[in-house]
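I have placed the structure first, in the form of structure tokens, so that the comments after it can refer back to it.
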Amino acid sequence: MHRTTSRIVLAVIASFVAIIGLSSPSQAVTKLTDAQAASQLSAAGISRVSTGGCTDRNVSTCTSYEQINQESVSGIITFKGASGCAITITGGTETGHAGGTYSHANGYKVDIRPTDCVSSFITSTYAYSGVRGDGATLYTAPSGNVYAREGSHWDITYYSCGGC
């Protein structure tokens, strides 16, 4: 009887896990080199600029993709396709950004130029979700990705590729 009960309990737990899945606090992410990310982004028609005219991750005036997450690259490509806007990345994984788990340095964020097309698409398509502590207005996509309007750019946090 004990062996049968154990099997039933195990079967119920296995069924429950199969239906709802297991959530993991940290899923493995694929990190890209600057060259890998640049190749994908360039092929999608996405450009980058930097005040220093460089791509060195250790220089704050550069715009680097070194160690950016594949999900972030796929996310901005998905955003470009959905919005139909020209996209220029102004910030990547280079030093000089705020820290944290979902940070630029950890490959989750990109900054993009706030053209009329980009700003109009974000504010008319995504849900207004409040104001961040630094005063940035927040919009959240159905995917959960967050678009924060900072002074000179849109600061985007990619938790997923946004339906890629």
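Suppose the filter is at pLDDT below 95, surrounded by 10 or more Cβ atoms within 10 Å (Cβ to Cβ) and out of contact with any helix residue (DSSP H, G or I) (no Cβ under 6 Å at 6 or more places or on another chain); does VAL49 pass it?
Details: at pLDDT below 95: no; surrounded by 10 or more Cβ atoms within 10 Å (Cβ to Cβ): yes; out of contact with any helix residue (DSSP H, G or I) (no Cβ under 6 Å at 6 or more places or on another chain): yes.
Answer is no for this residue.
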Filter result (in contact with a strand residue (DSSP E or B) (Cβ under 8 Å, 6 or more places away or on another chain) and among the polar types (S, T, N, Q)) within the stretch 66-105 = GLN67, ASN69, GLN70, SER72, THR88, THR90, THR93, SER103
Which is at pLDDT below 95 and either hydroxyl-bearing (Ser, Thr, Tyr) or touching a His at 6+ places or on another chain (Cβ under 6 Å) (or both), of SER39, SER26, SER64?
-> SER26
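So is TYR65 of a type in the set (Phe, Trp, Tyr) and farther than 22 Å from GLY151 by Cβ or not?
Numbers: of a type in the set (Phe, Trp, Tyr): yes; farther than 22 Å from GLY151 by Cβ: yes.
Yes: the conditions hold for TYR65.
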Being surrounded by fewer than 19 Cβ atoms within 10 Å (Cβ to Cβ) and either assigned to a loop (DSSP other than H, G, I, E, B) or charged (D, E, K, R) (or both) is the filter here, so list the residues in the stretch 114-148 that pass it.
-> PRO114, THR115, ASP116, TYR126, ARG132, GLY133, ASP134, GLY135, ALA136, PRO142, SER143, GLY144
Quick one: which of ALA37, ALA98, ALA105 is touching a Phe, Trp or Tyr at 6+ places or on another chain (Cβ under 7 Å) and farther than 20 Å from ALA141 by Cβ?
-> ALA37
Of the residues that make up the stretch 157-164, is at least one without any contact (Cβ under 8 Å) to a residue 24 or more places away in the chain and crowded, with 22+ Cβ neighbours inside 10 Å?
-> no
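Among the listed residues GLY133, GLY144, which satisfies the condition of being over 16 Å from PHE79 (Cβ atoms) and either in contact with a Pro (Cβ under 6 Å, 6 or more places away or on another chain) or not hydrophobic (A, V, I, L, M, F, W, C) (or both)? Explain how you work it out, then say what you get.
Details: GLY144 fails: over 16 Å from PHE79 (Cβ atoms).
So the residue among GLY133, GLY144 that is over 16 Å from PHE79 (Cβ atoms) and either in contact with a Pro (Cβ under 6 Å, 6 or more places away or on another chain) or not hydrophobic (A, V, I, L, M, F, W, C) (or both) is GLY133.
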Hey, among ALA105, ALA86, ALA82, ALA98, which residue is in contact (Cβ under 8 Å) with a residue 12 or more places away in the chain, in a loop (DSSP other than H, G, I, E, B) and surrounded by fewer than 16 Cβ atoms within 10 Å (Cβ to Cβ)?
-> ALA86
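The values are calculated or read from the model by the stated rules, or taken from the named source; none is laboratory data. Keep in mind that this is a model prediction, so the values were computed, not measured. FYI the Cβ positions are ideal-geometry reconstructions off the backbone, even for glycines, and counts take in every protein chain you see.
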